[in-house]
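What follows draws every value from the coordinates through simple rules; no lab data is involved. Here the structure is a predicted model, which means the values were calculated and not measured. FYI the Cβ positions are ideal-geometry reconstructions off the backbone, even for glycines, and counts take in every protein chain you see.
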Amino acid sequence: MFINIHTHQFHNQGIEIINKDDNPFTDGLFSYGIHPWNAAKWLELEKDFFAETNHENCLAIGEIGLDKLKGPSIQEQIDVFKAQIAISEQHQLPVIIHCVKAWNELKQLKQELKPLQPWINHGVEKASIVEDILQSGMFVSFGKGLVQNVKLQEALLKVPLNQLFLETDTADCSILTLYAFVSKLKNIPLHELENSIEQNFKRVFTKWKNGLNGQHF
Ligand SMILES: [Zn+2]
């Protein structure tokens with residue numbers, strides 16, 4: 001089974017987790033979170049956040065995170081991030097993280113908060129931090145950016161299969177293309193990659209494993 005852990009549009013391929021923030025009418029599996037760009041609107045959005053993250057189809061909190069290129073002050077982003085992490089821990093939902101030029105702050109937050117829920121650094125494009133992400137115990141998820149980025153491809157070679165996810169994010173590409181690309185790059189059979197990511201998915205997205213209503217499959 002092919003797993004797409006983060007997408008902003010429907011593809012109808014395998015299991016996909018829709019970013020509900022911009023797909024409000026989805027009835028599939030989804031993640032929900034207040035994006036760092038919208039952190040200043042937390043007070044008006046928190047009601048939606050609590051309602052959505054309580055929904056039975058909500059498998060993860062996200063994307064949430066820190067972005068030094070866009071959005072309000074980093075302190076404001078950190079406050080909103082922490083508020084959402086508290087809910088992730090309370091509801092036992094993993095976190096899909098958007099992190100731009102704020103890796104040190106994110107790493108520090110993980111050390112400070114010591115979350116029990118898994119954190120997934122999504123759409124990773126910076127090869128130089130991949131090893132550090134893995135060391136911090138987070139998962140990495142790669143998207144289409146991998147295809148053009150040779151340094152990132154080299155970094156991927158060192159990513160153990162049990163810390164890896166794939167995603168299409170906003171790109172108009174098929175998750176199958178990404179699986180095929182990574183399988184070739186890592187020189188492992190496609191079904192082995194498929195199985196490993198499926199195991200990760202079951203381990204991390206425990207709400208899915210524990211049942212939901214089963215109707216999606
Ligand atoms: Zn995204």
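For the reader, a short list of remarks on this structure follows.
- Sites Lys110 and Phe25 - FRET efficiency at Förster radius 45 Å, r taken between beta-carbons, to 0.05: 0.85
- Two-site label geometry, Ser183 and Gln90: point separation in nm, points 7 Å out along Cα→Cβ: 4.2 nm
- For region 46-108, Kirkwood radius (reciprocal of mean inverse C-alpha pair distance, Å): 12.2 Å
- Sparse-neighbourhood loop sites, trypsin sites (Lys or Arg not before Pro) in region 104-191 - DSSP loop, at most 12 other Cβ within 10 angstrom: Lys158
- Comparing Leu93, Leu113, Leu193 in a Gaussian network model of the chain where C-alpha atoms under 10 Å apart are linked, the largest mean-square fluctuation is found at Leu113.
- With 5 Å bins from 0: P(r) over region 1-100, alpha-carbon pairs, percent: 3, 14, 26, 24, 19, 10, 4, 1, 0
- Short-range pairs are left out: with C-alpha atoms under 8 Å and at least six residues apart, the relative contact order of the chain is 19 percent.
- Site pair Phe10 and Asp132 shows an inter-label distance of 4.0 nm when each label is modelled 7 Å from Cα along Cα→Cβ.
- Radius 14 Å from Cβ of Lys186, net charge of other residues (Lys, Arg +1; Asp, Glu -1): -1
- Extending 7 Å from the Cα toward the beta-carbon at both Glu46 and Lys82 defines two label points whose distance is 1.3 nm.
- Applying the criteria of a DSSP loop state and at most 10 other Cβ atoms within 10 Å to the chymotrypsin sites (Phe, Trp or Tyr not before Pro) of region 13-43 yields Phe25.
- FRET efficiency, Lys70 to Lys202 (Cβ-Cβ, R0 35 Å, nearest 0.05): 0.55
- Largest GNM mean-square fluctuation across Thr168, Thr53, Thr177, computed for the chain with C-alpha springs under 10 Å, falls on Thr177.
- The local environment of Leu43, defined by Cβ-Cβ distances under 14 Å, has a net charge of -3 under the rule Lys, Arg +1 and Asp, Glu -1.
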